[in-house]
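The numbers here are math on the coordinates, done by the rules we state, and not lab data. Owing to the predicted nature of the structure, the values given are computational and were not obtained by experimental measurement. Note that we place each Cβ from the backbone using ideal geometry, even for glycine, and neighbour counts take in every protein chain shown.
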Amino acid sequence: MNISKRISADNIFLDIDLRDKESVFKFVSDAFVNLGLAQDPDHIYDGFKTREEMMSTGIGEGLAIPHTVSSQLSDAAFCILRLKKSIEFDSLDGKPVDIILSLVVPENQIDLHLSFLARISGLCRASGLLDMIRKAATADEIITEMIKAEQKLDFSD
């Protein structure tokens, strides 16, 4: 399963000015609805909040991966945010976050959820994807680099 096949320039947001976790959850929830990937932003937002209460999705190195499951989706939805300024996210390494990779998966596809999280983590750690996202001039550049990174790591469907 290639993550790059589930991303388009429409769900990559560069240099977004958000002030905290709550505004990230709100922005991403609204984005999923505006992209036609979900119906109710409050439902998605509540899912992010509930997940975040269990443990921070700020995993370190400036990356957060807010994720949830939802009965509203028939397929996984994914988006990328590059923040204009880093924000506090209660990250595991104590550092602020500037890259958000967000995921919502149908609630009956837990294996897909876990698989996506593992792929995202692997891509970010092994391929230099975070640095590339930080330097990219366009969403299309991010997609191209993500495809290259997946090919390099031999991710297959």
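Miscellaneous remarks
- Note on D93 and M55: the model spin-label points, each 7 Å out from Cα along the C-beta direction, lie 1.7 nm apart.
- Taking 1.002 mPa s as the viscosity and 20 °C as the temperature, the Stokes-Einstein diffusion coefficient of the chain based on its alpha-carbon Kirkwood radius rounds to 139 µm²/s.
- Relative contact order, percent, segment 1-70 [alpha-carbon distance under 8 Å, six or more residues apart]: 22 percent
- Projected label points at E107 and N2, each 7 Å from Cα along the beta carbon direction, are separated by 3.3 nanometres.
- Calculated FRET efficiency for the pair N34/L114, C-beta based, R₀ 30 Å, to 0.05: 0.65
- For the chain, no complete DSSP H run has alpha carbons reaching 24 Å or more along its own long axis together with a mean Kyte-Doolittle score of 1.0 or higher.
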